[in-house]
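Colleague: Please read through the structure below; I'll follow up with questions.
The values are calculated or read from the model by the stated rules, or taken from the named source; none is laboratory data. As the structure is a computational prediction, the values presented were derived from the model and not from experiment. Neighbour counts are summed over all protein chains in view; Cβ atoms, including those assigned to glycine, are modelled from backbone coordinates with ideal geometry. Surface accessibility is based on the protein's heavy atoms, side chains included, excluding ligands, DNA and RNA. Shrake-Rupley method; radii C 1.70, N 1.55, O 1.52, S 1.80 Å.
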Amino acid sequence: MYNLLSGNISRLWKDKTFWLCMAAMLAYAVIYMLNGCRQARLGMEGYHTSIDDYYFHFAVSIGLFIALFSSMFLGTEYSDGTIRNKVVVGHTRADIYVANLAVTFLASLLIMAAWLAGGLVAVPELGLWELSVPQLLVYLAIAVLFVAALSSIFTFVAMLSVNKAVTVAVSICLFLGMLFVASTLYNGLAQPEMASGLEVTVDGVKMGEPTPNPAYISGGMRKLYEFLLDFLPTGQGIMMWQLEIGNPIRMILSSVLLTVGPALGGMALFSRKNLK
């Protein structure tokens with residue numbers, strides 16, 4: 001296992017996709033945070049002035065970087081015959097899978113760290129976080145765990161697909177699908193219980209009397225939406241970005257399940273996979 005991990009990490013430092021993802025995430029953080037500073041400086045109505053409201057934006061997009069990196073990095077092992085060679089020299093398939101998952105998780109954490117470091121450019125303008133230290137630690141813990149879940153999910157895809165192009169396409173589409181579902185759930189929960197329509201009168205346009213909103217989700221369906229939003233890594237990312245984390249324990253347990261489940265399932269399927 002040590003040799004596998006050492007070899008993977010050595011290859012990681014030389015991998016162009018990894019460094020491109022790091023550079024892109026760092027540049028994205030700097031540009032996004034400086035734009036937030038500009039909006040705060042201009043005092044534009046409707047824009048936030050706290051670093052908290054911008055700093056966690058990475059939580060929505062980091063899954064795309066993980067999907068791209070894992071599919072390219074692990075897909076190369078199939079195209080170059082590296083995985084088959086590892087088996088030939090005596091490494092177990094379980095060790096190979098765990099080592100690949102570990103390097104994917106490590107790379108994902110470093111990509112996230114690139115954003116966290118780049119986002120600090122806003123501190124001189126926006127100041128430090130309004131969240132308390134315990135709250136910040138909870139947010140970071142949730143971020144680390146849903147990054148682990150995404151790493152496990154995309155490692156599962158990459159280790160079972162021998163075609164790198166297909167792996168890239170499936171991983172990116174899977175991430176976008178999870179993001180779409182999470183966005184739909186979030187928008188559904190954001191519907192107000194009461195809605196006021198516009199009425200045109202002789203005095204102009206006025207707000208009408210509040211009436212029940214037919215799009216409002218209530219009862220058991222609302223609880224289901226809330227559970228699914230907390231369960232999905234992309235849902236956790238949206239809630240983190242919006243600073244609306246309400247059930248951190250459920251998020252943490254969900255991430256642990258989505259990390260362990262695909263890892264065990266992936267190892268079981270990879271152990272029976274024909275590598276010829």
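Colleague: Mind checking whether some residue in the stretch 123-130 is modelled with pLDDT under 90, over 26 Å from A268 (Cβ atoms) and open to solvent by less than 30 Å² (accessible area, probe 1.4 Å)? Walk me through it before giving the result.
Modeller: To start, the set of residues in the stretch 123-130 that are modelled with pLDDT under 90 comprises 123-130.
Narrowing further to those that are over 26 Å from A268 (Cβ atoms): 123-130.
Pick out the ones that are also open to solvent by less than 30 Å² (accessible area, probe 1.4 Å) and you get 126-127.
Yes: the stretch 123-130 contains one or more residues that are modelled with pLDDT under 90, over 26 Å from A268 (Cβ atoms) and open to solvent by less than 30 Å² (accessible area, probe 1.4 Å).
Colleague: Restricting to the stretch 220-276, name every residue that is over 19 Å from M159 (Cβ atoms) and among the aromatic types (F, W, Y).
Modeller: Y225, F227, F231, W241 - these are the residues of the stretch 220-276 that are over 19 Å from M159 (Cβ atoms) and among the aromatic types (F, W, Y).
Colleague: Is it the case, given these coordinates, that L150 is among the hydrophobic types (A, V, I, L, M, F, W, C), in a helix (DSSP H, G or I), touching a residue at least 24 places away in the same chain (Cβ under 8 Å) and in contact with a Pro (Cβ under 7 Å, 6 or more places away or on another chain)?
Modeller: Considered against the rule, which asks whether it is among the hydrophobic types (A, V, I, L, M, F, W, C), in a helix (DSSP H, G or I), touching a residue at least 24 places away in the same chain (Cβ under 8 Å) and in contact with a Pro (Cβ under 7 Å, 6 or more places away or on another chain), L150 comes out as yes.
Colleague: In the stretch 111-122, what residues are open to solvent by less than 50 Å² (accessible area, probe 1.4 Å) and not β-branched (V, I, T)?
Modeller: Step one: list which residues in the stretch 111-122 are open to solvent by less than 50 Å² (accessible area, probe 1.4 Å), which gives 111-116, 118-119, 122.
Passing the criteria: M112, A113, A114, W115, L116, G118, G119, A122.
Colleague: Now a separate question. Filter the stretch 1-60 down to residues that are hydroxyl-bearing (S, T, Y), in a helix (DSSP H, G or I) and open to solvent by 40 Å² or more (accessible area, probe 1.4 Å) and give me whichever is modelled with the lowest pLDDT.
Modeller: So the first thing to find is which residues in the stretch 1-60 are hydroxyl-bearing (S, T, Y), and the list is 2, 6, 10, 17, 28, 32, 47, 49-50, 54-55.
Those left that are additionally in a helix (DSSP H, G or I): 2, 6, 10, 17, 28, 32, 54-55.
Add one more test, that the residue is open to solvent by 40 Å² or more (accessible area, probe 1.4 Å), and what stays is 2, 6, 10, 28, 32.
On the way: Y2: 70, S6: 79, S10: 85, Y28: 93, Y32: 89.
Taking the candidates together, the pick is Y2.
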